[in-house]
Amino acid sequence: MFVIATDLDRTLLPNGNQEYDNSMHIFNEIVKREKPTLIYVTGRNLKEVKEAIIEYHAPLPTFLIAEVGTKIYIQKNGKFNEDKEWLDIVKSVTSNWNIDKFKEELSIIKGIRIQEEEHQNPFKLSFYLDKLDNAELIVKECTKIIKSISKDASVIFSIDETNNIGLLDIIPRNATKLRALEYIRKNNGYKKEDIVYCGDSGNDILPLTFGYKSILVRNAINEVKKAVKSICFEKNCTDTLYIAKGYGRLNGNYVSGIIEGLIRLNLVPEKKYIR
C-alpha cells in the first residue's frame, strides 16, 4: 500500500509550456489497478479542482488539500466534504491572525497586487508579483512585515511559469501543504515511508524535502530542482528523491514524470504500464 500525494498545476496537470506526451490514461490505469490512496495538494480552490479533473480526465482523489493547505476535503462517491476539524486545529494554533492588518501593512510594498476574491479565504491572503527580477527582495520585505504582526504566519512564494508571474500566499505556518498532509497521514495511520509526494514549484519544496519518497517532474524550473537537491543532500534524504528526466516513451513532464518516478522508485511494475 502506498499514498500518492501530488500537486496539480504543471505537476499532474499538463498545463505548462513544456511538451505533454498524453500519458494521463496510464496514470488512471495505475490508480485503478494498484489502488493507492490519492491525495491532491494544490493552491486551487474546490471549484477549480473539480473543473481540472473534468478537463484533464484526472482520477478522483480520496483527499483534497486545497488553497495551499488551508482547506482539506474528503471525497466519497464523487462528493467532497470539508474537514472542519482541520480548520479548528488551524484556528487553535494561530495567534494574532488579522487579514485586514496584513493588507493595510502590505499596501506600502510596491510590485505586489492582490489576487481575485475567489483566491482568498479567512486563512489565506494571496497576491501576484508581476515582475520577477526583484521577487526575492519583495518576499523578504513582506515576510518581515507579516512576522511582525503574527509569529504564526508563513509567506509562501512560487512562480506560475506559464504566465511568468509570481504567486505570494500568506497562510498560517500550521496550514501549509506539508502540515495538512501530515495531518491526513497521522489521522489515517499512514507511515512516512508510505507517502510519495510529487511536485514542481516553490510551494512544494517543504513536502518534497521532508523525507517522504518524492518525485520532482522534469518540467520543474531549475531553481526548484537545485533547492530540492541541496536540501535533500543536507538532510541526507537524496535516496528517496527522484527527478524525472524522461524514460522510454515517457518524456518526464507533468503526469509523465510522476509515472516515471513511480516506476523508478519500484512502486509500480514497468512492464504492466509501459508497453
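Of note:
- Over every Cα atom in segment 1-86, the radius of gyration and the widest Cα-Cα span, Dmax, amount to 12.7, 40 Å.
- Dipole of the chain, positive direction: furthest Cα of Gln18, Val255, Ile274, with charges on the beta-carbon: Ile274
- Relative protection proxy for 244-251, 63-70, from highest mean packing down: 63-70, 244-251 (other beta-carbon atoms within 10 angstrom).
- Converting the Cα gyration tensor eigenvalues of segment 208-262 into ellipsoid dimensions via √(5λ) gives semi-axes, longest first, of 20, 12, 7 Å.
- Summing Cβ point charges (Lys, Arg +1; Asp, Glu -1) relative to the Cα centre of the chain gives a dipole of roughly 840 debye.
- Helix axis angle, 24-34 relative to the chain longest principal axis, alpha carbon, degrees: 70 degrees
- nm² value of the averaged projected area, convex hull over the Cα atoms of segment 96-172: 4.7 nm²
- Ordering of 129-140, 51-62 by packing is 51-62, 129-140, highest average first (other Cβ atoms within 10 Å, averaged per residue).
- Bridge orientation summary for the chain: considering DSSP beta bridges with both residues in this region, about 60 percent are antiparallel.
- For Ser214, the residues whose amide H sits under 5 Å from its own are Tyr197, Leu241, Tyr242, ignoring neighbours fewer than 5 places away on the same chain, with H placed 1.01 Å from N.
- With the helix formula -39500 (n - 2.57) applied to DSSP H stretches of n ≥ 4, the chain reaches a computed 222 nm mean residue ellipticity of -10000 deg cm²/dmol.
- Segment 24-103 versus segment 225-275: alpha-carbon centroid distance in Å: 23 Å
- ³J(HN,Hα) computed for each position of segment 242-258 - Karplus, 6.51 cos²θ - 1.76 cosθ + 1.60, integer Hz, glycine/proline x: 10, 10, 5, 9, x, 8, x, 7, 8, 8, x, 8, 6, 4, 4, x, 5
- Cα-based equivalent ellipsoid, segment 51-92: semi-axes from gyration tensor eigenvalues, Å: 23, 11, 6
- Among 186-199, 33-46, 254-267, sorting by the average number of other beta carbon atoms lying within 10 angstrom of each residue, highest first, gives 254-267, 33-46, 186-199.
- Crossing angle, helix 46-55 versus the chain [Cα axis fit, 0-90 degrees, rounded to tens]: 30 degrees
- Amide H to amide H distances under 5 Å link Phe80 with no residue, where only residues 5 or more positions off or on other chains count and H is placed in the peptide plane.
- Cα-based shape type of segment 157-252, given that a ≥ b ≥ c are square roots of the gyration tensor eigenvalues and the cut on a/c is 1.5: oblate
- Rounded D (µm²/s) - the chain, Kirkwood Rh over Cα pairs, Stokes-Einstein at 10 °C, 1.306 mPa s: 83 µm²/s
- With θ taken as phi - 60° and the Karplus curve 6.51 cos²θ - 1.76 cosθ + 1.60 applied, the whole-hertz 3J(HN,Hα) list for segment 83-95 is 7, 5, 4, 4, 4, 4, 5, 4, 4, 5, 10, 10, 9 Hz, x standing for glycine and proline.
- Pairs with C-alpha atoms separated by more than 26 Å, drawn from the list Lys71/Lys191; Lys84/Lys225; Lys79/Lys101; Lys191/Lys235; Lys177/Lys213; Lys110/Lys177, are Lys84/Lys225; Lys79/Lys101; Lys110/Lys177.
Values in this text are rule-based calculations from the coordinates and carry no lab data. These figures come from a predicted structure and were not determined experimentally. Cβ coordinates were reconstructed from backbone atoms using ideal geometry, including for glycine residues, and neighbour counts include every protein chain displayed.
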